[in-house]
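S.K.: Handing you a structure now.
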Amino acid sequence: MAGMNIDETHDPARQSWVASANGHPDFPIQNLPFGVFSAQDGGPRGGVAIGDAIFDIAAALEAGLFTGPAREAAEAASGRTLNQLLAAGSAARRALRRRISALLDAGGREKDSAIAAGLVNDASVCDLHLPARIGDYTDFFAGISHAMNGGKLNRPDNPLMPNYKYVPVAYHSRASSVRVSGGEIRRPNGQRKPAGQDDPDFGPCRNLDYELELGIWVGDGNRLGEPIPMREATGHIAGFCLLNDWSARDIQTWESAPLGPFLAKSFSTSVSPWIVTAEAIAPFRKPQAPRPAGDPRPLPHLWDDADQAEGALDIDLSALIRTPAMRDAGLAPVALTQSNARDLYWTVAQMVAHHASNGCNLNPGDLFGSGTISGVEPSSFGCLLEISRAGQQAVTLPNGETRRYLEDGDEIFLRAHASAPGFVSIGFGECRGRVSPAL
Ligand code: CA
């Protein structure tokens, strides 16, 4: 475990004077994720989720509550995007986290001045925005069970491509259509060529799917031509979110050979609004599971002992569905998938090092998707392609409805929580989207 990265902000005894934070499933004082919000008095500007409230960084800055490195970091975090804060790196982020934790501490010396300054907004009357301007978005394929399950549909005897265990495979996806949780997901039109049909046609996607992924926010980047070595890769990761890589399977099947997904993915990607920082995640790091016997060891430029010792992330993930009929009946969403980020075959540091290994420059606010995170059990399959075996077997929901793929009006909710003995559990908030009919 990352013992050196544990400090007073992780103290399980620390409580907040924001009462809703204490025992909050997502945002206790030990989490303090960064995001961008608007309140009735304006915005967008940087904030921190605390219980059912949002701490206003700019207001605290104006009240003179920051000094030194925390003040510089707060200035970088008070505008309409957090790119400057991400660029400032882990020392700045950590200084700001420690100061905000002290300001929100129920037993802290700053409690009265923080309350007097009116620094928290009721989250239910705020709007949340994308936390950063995303220059580039890359989607990896690091969930090996997902890769196996998808590959088996086409190559039952040899599901993984020969490069899979050497290369953290990825494709370059579309940044402009990444949207924050809560929006409508318009069913895309595209070229489809179902089996048995001689020629393709163009029309609404029939096999619309979700993908349960971890999002990774890049912090400080690297200069073009200068790779990031493995031992430094973790330091370039600012934090994490939930990511739904909405996928049009029929369009994907037809278009993907030989260059991979394009319009089947670029129509929409959803992310949860809060950047759960690398600091908040520190207690939940675990050793990367040893590779199965017979698997090749990663090449030296993707190997680091320290990363192997603590590069896996023990984060429980879930995807839930609520259909229009469930909504009308007042039923809660039901789980389709429950998996864990430890099921990733590659660590996030290996993704960073691989991405920059050719000299490609990463920039603050770049976004990675981990790839769909599935486990071995069917209950942990991270998308409907796997759950329905490409539409061959429908899943029956508790109210008797069935689904092979998503229908108009269906809502998908992604959630994530991390817990470890001796620490307060934290969550990611929600990544939600509702399918609307094709144009
Ligand atoms: Ca994906």
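The values are calculated or read from the model by the stated rules, or taken from the named source; none is laboratory data. Being a predicted model, the structure only gives us computed values, none of them experimental. Cβ atoms come from the backbone with ideal geometry, glycine included; neighbour counts cover every protein chain shown.
S.K.: Of the conditions (1) in contact with a helix residue (DSSP H, G or I) (Cβ under 7 Å, 6 or more places away or on another chain); (2) among the hydrophobic types (A, V, I, L, M, F, W, C); (3) buried (at least 23 other Cβ atoms within 10 Å of the Cβ), residue 21 clears all except one; give me its number.
M.R.: (1) is the only condition that residue 21 fails.
Conditions (1) out of contact with any helix residue (DSSP H, G or I) (no Cβ under 8 Å at 6 or more places or on another chain); (2) of a type in the set (Gly, Ala, Ser), marked per residue:
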site	(1), (2)
155	yes, no
162	yes, no
172	yes, no
180	yes, no
183	yes, yes
191	no, no
194	no, no
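S.K.: Please find, among 227, 290, 258, the residue that is away from the ligand (no atom under 16 Å from the Cβ) and under 23 Å from residue 375 (Cβ atoms). Reasoning before the result, please.
M.R.: Details: 227 fails: under 23 Å from residue 375 (Cβ atoms); 258 fails: under 23 Å from residue 375 (Cβ atoms).
Going through 227, 290, 258 in turn, the sole match is 290.
S.K.: Among (1) small (Gly, Ala, Ser); (2) within 16 Å of the ligand (Cβ to nearest atom); (3) touching a strand residue (DSSP E or B) at 6+ places or on another chain (Cβ under 8 Å), which single condition is residue 145 missing?
M.R.: (3)
S.K.: Still on this structure: Report, ordered by the first and then the second residue, all pairs with beta carbons closer than 7 Å, sequence separation of six or more or different chains, a first member in the range 133-158 that is small (Gly, Ala, Ser), and a second member that is within 16 Å of the ligand (Cβ to nearest atom) and part of a strand (DSSP E or B).
M.R.: Within 7 Å, the pairs are 142/344; 143/344.
S.K.: Okay, next question. Tell me which of these residue 122 doesn't satisfy, since it passes every other one: (1) over 24 Å from residue 209 (Cβ atoms); (2) assigned by TED's automatic domain parsing to the domain that holds residue 368; (3) modelled with pLDDT of 95 or more; (4) charged (D, E, K, R).
M.R.: If we test residue 122 against (1) over 24 Å from residue 209 (Cβ atoms); (2) assigned by TED's automatic domain parsing to the domain that holds residue 368; (3) modelled with pLDDT of 95 or more; (4) charged (D, E, K, R), just (2) comes out false.
S.K.: Of the residues 40, 15, which single one is within 22 Å of residue 281 (Cα to Cα) and either surrounded by fewer than 22 Cβ atoms within 10 Å (Cβ to Cβ) or not acidic (Asp, Glu) (or both)? Show your work before the answer.
M.R.: Numbers: 40 fails: within 22 Å of residue 281 (Cα to Cα).
Going through 40, 15 in turn, just one is within 22 Å of residue 281 (Cα to Cα) and either surrounded by fewer than 22 Cβ atoms within 10 Å (Cβ to Cβ) or not acidic (Asp, Glu) (or both): 15.
S.K.: Within the range 112-134, identify whether any single residue is touching a Gly at 6+ places or on another chain (Cβ under 6 Å) and surrounded by fewer than 17 Cβ atoms within 10 Å (Cβ to Cβ), and answer yes or no.
M.R.: Within the range 112-134, one or more residues are touching a Gly at 6+ places or on another chain (Cβ under 6 Å) and surrounded by fewer than 17 Cβ atoms within 10 Å (Cβ to Cβ).
S.K.: Sticking with this one: For residues that are of a type outside the set (Ser, Thr, Tyr) and touching a residue at least 60 places away in the same chain (Cβ under 8 Å), scanning just the range 63-83, find the one that is surrounded by the fewest Cβ atoms within 10 Å (Cβ to Cβ). Don't jump to the end; show me each part of the working.
M.R.: Of the residues in the range 63-83, the ones of a type outside the set (Ser, Thr, Tyr) are 63-66, 68-77, 79-80, 82-83.
From what's left, touching a residue at least 60 places away in the same chain (Cβ under 8 Å): 82-83.
Values: 82: 29, 83: 19.
Looking at the filtered set, the residue picked out is 83.
S.K.: Which residue is nearest to residue 270 (Cα to Cα), if the candidates are limited to the range 412-434 and must be more than 13 Å from the chain's Cα centre (by Cα) and surrounded by fewer than 19 Cβ atoms within 10 Å (Cβ to Cβ)?
M.R.: So, considering only residues that are more than 13 Å from the chain's Cα centre (by Cα) and surrounded by fewer than 19 Cβ atoms within 10 Å (Cβ to Cβ), the one nearest to residue 270 (Cα to Cα) is 434.
S.K.: Please go through the range 362-389 and give me each residue that is within 16 Å of the ligand (Cβ to nearest atom), out of contact with any Asp or Glu (no Cβ under 8 Å at 6 or more places or on another chain) and of a type outside the set (Val, Ile, Thr), ordered by number.
M.R.: Once the filter is applied, which keeps residues that are within 16 Å of the ligand (Cβ to nearest atom), out of contact with any Asp or Glu (no Cβ under 8 Å at 6 or more places or on another chain) and of a type outside the set (Val, Ile, Thr), the range 362-389 yields 381, 386.
S.K.: Test residue 371 against the stated conditions and say whether it is assigned to a loop (DSSP other than H, G, I, E, B), outside the structural domain of residue 48 (by TED's automatic domain parsing) and over 20 Å from the mean Cα position of the chain (by Cα).
M.R.: Working: assigned to a loop (DSSP other than H, G, I, E, B): yes; outside the structural domain of residue 48 (by TED's automatic domain parsing): yes; over 20 Å from the mean Cα position of the chain (by Cα): no.
Answer is no for this residue.
S.K.: Now a separate question. Is there any pair linking a residue in the range 167-179 that is over 14 Å from residue 215 (Cα atoms) to one that is assigned to a loop (DSSP other than H, G, I, E, B), with Cβ under 6 Å and at least six apart or on different chains, and which?
M.R.: Within 6 Å, the pairs are 168/142; 168/346; 169/141; 171/260; 171/261; 177/268.
S.K.: Starting from residues that are within 15 Å of residue 412 (Cβ to Cβ) and not β-branched (Val, Ile, Thr), keep the ones in the range 372-385 and report whichever is surrounded by the fewest Cβ atoms within 10 Å (Cβ to Cβ).
M.R.: Within the range 372-385, the first condition is being within 15 Å of residue 412 (Cβ to Cβ), and the residues that meet it are 372-373, 381-385.
Applying the additional criterion that residues be not β-branched (Val, Ile, Thr) yields 381-385.
Values: 381: 28, 382: 31, 383: 27, 384: 28, 385: 25.
If we take residues in the range 372-385 being within 15 Å of residue 412 (Cβ to Cβ) and not β-branched (Val, Ile, Thr), then 385 is surrounded by the fewest Cβ atoms within 10 Å (Cβ to Cβ).
S.K.: Another one. Determine whether residue 200 is at negative phi, in the same structural domain as residue 319 (by TED's automatic domain parsing), modelled with pLDDT of 95 or more and surrounded by fewer than 18 Cβ atoms within 10 Å (Cβ to Cβ).
M.R.: Working: at negative phi: yes; in the same structural domain as residue 319 (by TED's automatic domain parsing): yes; modelled with pLDDT of 95 or more: yes; surrounded by fewer than 18 Cβ atoms within 10 Å (Cβ to Cβ): yes.
Taking the combined requirement at face value, the residue satisfies it.
S.K.: Under 8 Å between Cβ atoms, at least 6 apart or on separate chains: pull out the pairs that start in the range 360-388 with a residue that is more than 23 Å from residue 249 (Cβ to Cβ) and end on any residue that is within 12 Å of the ligand (Cβ to nearest atom) and at pLDDT 95 or above.
M.R.: That search, which allows pairs on different chains as well, returns 366/137; 366/138.
S.K.: State all residues of the range 172-194 that are under 17 Å from the mean Cα position of the chain (by Cα) and not in a loop (DSSP other than H, G, I, E, B); if no residue qualifies, say none.
M.R.: 172, 173, 178, 179, 180, listed by residue number.
S.K.: Looking at the range 237-251, I want the residues that are assigned by TED's automatic domain parsing to the domain that holds residue 91 and closer than 23 Å to residue 281 by Cα and have a partner that is of a type in the set (A, V, I, L, M, F, W, C) and away from the ligand (no atom under 16 Å from the Cβ) with Cβ atoms under 8 Å, at least 6 apart or on another chain. Which pairs are those?
M.R.: Pairs that qualify, where the first residue is assigned by TED's automatic domain parsing to the domain that holds residue 91 and closer than 23 Å to residue 281 by Cα and the partner is of a type in the set (A, V, I, L, M, F, W, C) and away from the ligand (no atom under 16 Å from the Cβ): there are none.
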